[in-house]
Amino acid sequence: MPKRSFILTIIALALIWTAAPLRASKASTDRTAYFRSRIDMALDSARQGHAYRAILMANATLTEMEEEKYENIGMIYAAMGSIFQMKANYHLAEHYFLLALDNTSLNNVVERMERQSQLATLLKLWKPSEALRYNQEYASTNVGYPLYRQRYLFVNAVANFALGNAEEYAEASKAYQDYMNEKSGELTAYGQKAIEAMNLATEGQYGLALQLLKSPSEGLSDLDCSDLRTLIFQRMGDFEAATRQLQSRIQLTDSLGSMLLFENMSEISTKDDIDKTRQQAHQQRNTMLYIILALALLLIAFMTFSILRFRASRSRLKEKNTQLAAALAMAEESDKMKRDFVRNVSHEIRTPLNAINGFNEILNNYDAPLTKEERADLVGRINENTNAITSIVNELLEIAKENSEAMYNRFDTIFCNQFFSQLTYQFRQQISSKVELRYTTKVINRFKIVTNQEALSQVMEHLIQNAIKFTEEGSITVNCSEAGNLLLVSVTDTGQGVAPDMQDTIFSPFAKANTFKQGIGLGLSVSRKIAQRLGGDLILDKQYTDGARFILSLPVDY
């Protein structure tokens, strides 16, 4: 081989050998950019309120990374931690931030510092000791970046305040303020409001401190504000206010959890196929038709029985002139009850049935320009009206078993405060802004009873819905107390109340305090019957005159 050809061959091989790692490096860079864009899309979806969609995107990205054996898998775990932190699920947020830290290379100093900072920020009030540890770990690495330095100083101050370390807090607070002055104009207001509130509390100006923490700010979420307020109440010695603040925090986390669940269900529903939706609507319409047929037969049987009974009464009345007046009054009352019953049942069934038929026609109209969200809303409305008719049928079936003396099986252990408070606040979306819904208690948190949870829920849901129906402004209060071997649960409202002439008959079947309100007059009758089968009773407090108060009594098994 000529010398020149040999040299050219060597050069070509060298170029090929050099280009291979360059191509691999470019491919690695491209995949990193791709994965980062996927993570940004997931986080953006979470910020817009689509948490379920964000979690699905993050999981899909995680699967791709695992299949490709991508090295920097920690960044997807960090994104999942951020998503759960946005929804106040601190347990899962901490879990994923720890996974992110474990899966970040020791050589990647910047990203490890970010993971440690995320953990310290998350835990600053929840687990302050651990927050200080993570804070110190990334401080020992490098906190030269102004934003990281600011976050480090802020977390250091908050965690020491939470732990009650007065001297350490004073030093941390001063260091934070000095740094803010030094970097004036370069930093945001991250943490300033919280530091000011904690300084006021340290000086004994609790009222001003609590006022500053009424709303979130940079560095403090709603839950952080709630936790700081609890700490301040404790330092004031006002443990009752601290307990109330803790209850408010529980309600806030429950509300955020409910919102996440609702978002999940909304996201899932948008994926349902349109044909499946139409099929469900068709099945629901057939079910409604069967229910209407059964109700019609029940009405015919009831009317036939009433007519036969009326005729028999008239025959006897002709033979007993002394009982004529009483028998006529009884017949008139029976006839009125029959007319009211038929009218109420017809109205209460016809209204949701018309709505179901109307919504079903829209769903089956292929020319209707409906979005997926609108179709999901129509299906939801069909389910709502279906449930209304099912509720009427259930009440009719319960009242049909009036002569049964059977007791409900009582195998469910219920912690009263937890059960009744959760059940009460699930109705907060159904009341107007003019009505305050609240739960109060005179029993300790570990107070419990053994009963039938499903039956008890049915009674309480009816009593609360009844209060909402008749209360346009004021308050609705559910209260638990103990009297001897009985648990007393009262539902008190400031609505129109029960007229004196209705107080003795309000628990009778088909009795209605207001004929213009929705319902067929069976709810209170069914509720009392269930209460008695649970070994207790349901009464109306006739001495309460600012609205209506119903008192449910249940046996306590020690």
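What the table below lists for this structure:
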item: Residue that is farthest from the chain's Cα centre (by Cα) [pool: residues in the range 427-443 that are in contact (Cβ under 8 Å) with a residue 12 or more places away in the chain and open to solvent by 40 Å² or more (accessible area, probe 1.4 Å)]; result: LYS442
item: Residue check, PHE154 crowded, with 18+ Cβ neighbours inside 10 Å, within 30 Å of the chain's Cα centre (by Cα), outside any loop (DSSP other than H, G, I, E, B) and touching a residue at least 24 places away in the same chain (Cβ under 8 Å); result: no
item: Hits in the range 109-149 - residues which are assigned to a loop (DSSP other than H, G, I, E, B) and either at pLDDT 80 or above or within 25 Å of ALA88 (Cβ to Cβ) (or both); result: LYS124, LEU125, TRP126, LYS127
item: Residue that is surrounded by the fewest Cβ atoms within 10 Å (Cβ to Cβ), among those in the range 534-558 that are aliphatic (A, V, I, L, M) and farther than 17 Å from VAL478 by Cβ; result: VAL556
item: Flag for GLN422 being at pLDDT below 90, more than 30 Å from LEU299 (Cα to Cα), out of contact with any strand residue (DSSP E or B) (no Cβ under 6 Å at 6 or more places or on another chain) and not basic (Lys, Arg); result: no
item: Members of the range 222-238 that are of a type outside the set (Asp, Glu) and assigned to a helix (DSSP H, G or I); result: LEU223, CYS225, SER226, LEU228, ARG229, THR230, LEU231, ILE232, PHE233, GLN234, ARG235, MET236
item: Pair list, Cβ < 8 Å and 6+ apart or interchain, from the range 535-558 residues that are farther than 14 Å from ASP504 by Cα to residues that are of a type in the set (Ser, Thr, Tyr) and open to solvent by 30 Å² or more (accessible area, probe 1.4 Å); result: ASP546/THR494; GLY547/THR494
item: Condition met for LYS174 (part of a helix (DSSP H, G or I) and within 26 Å of PHE84 (Cβ to Cβ)); result: no
item: Residue that is surrounded by the fewest Cβ atoms within 10 Å (Cβ to Cβ), among those in the range 202-221 that are part of a helix (DSSP H, G or I) and touching a Leu at 6+ places or on another chain (Cβ under 8 Å); result: LEU208
item: The listed residue being open to solvent by less than 70 Å² (accessible area, probe 1.4 Å), within 30 Å of THR104 (Cα to Cα) and touching a residue at least 24 places away in the same chain (Cβ under 8 Å), out of TYR169, TYR190, TYR134; result: TYR190
item: Some residue of the range 97-106 being acidic (Asp, Glu), more than 26 Å from the chain's Cα centre (by Cα), open to solvent by 50 Å² or more (accessible area, probe 1.4 Å) and within 18 Å of ARG36 (Cα to Cα); result: no
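The values are calculated or read from the model by the stated rules, or taken from the named source; none is laboratory data. Treat the numbers as computed from the prediction; the structure is a model and nothing was measured. Neighbour counts run over all protein chains shown; Cβ positions are idealised from the backbone, glycine included. Calculation scope for accessible area: heavy atoms of the full protein, side chains included, ligands and nucleic acids excluded. Shrake-Rupley method; radii C 1.70, N 1.55, O 1.52, S 1.80 Å.
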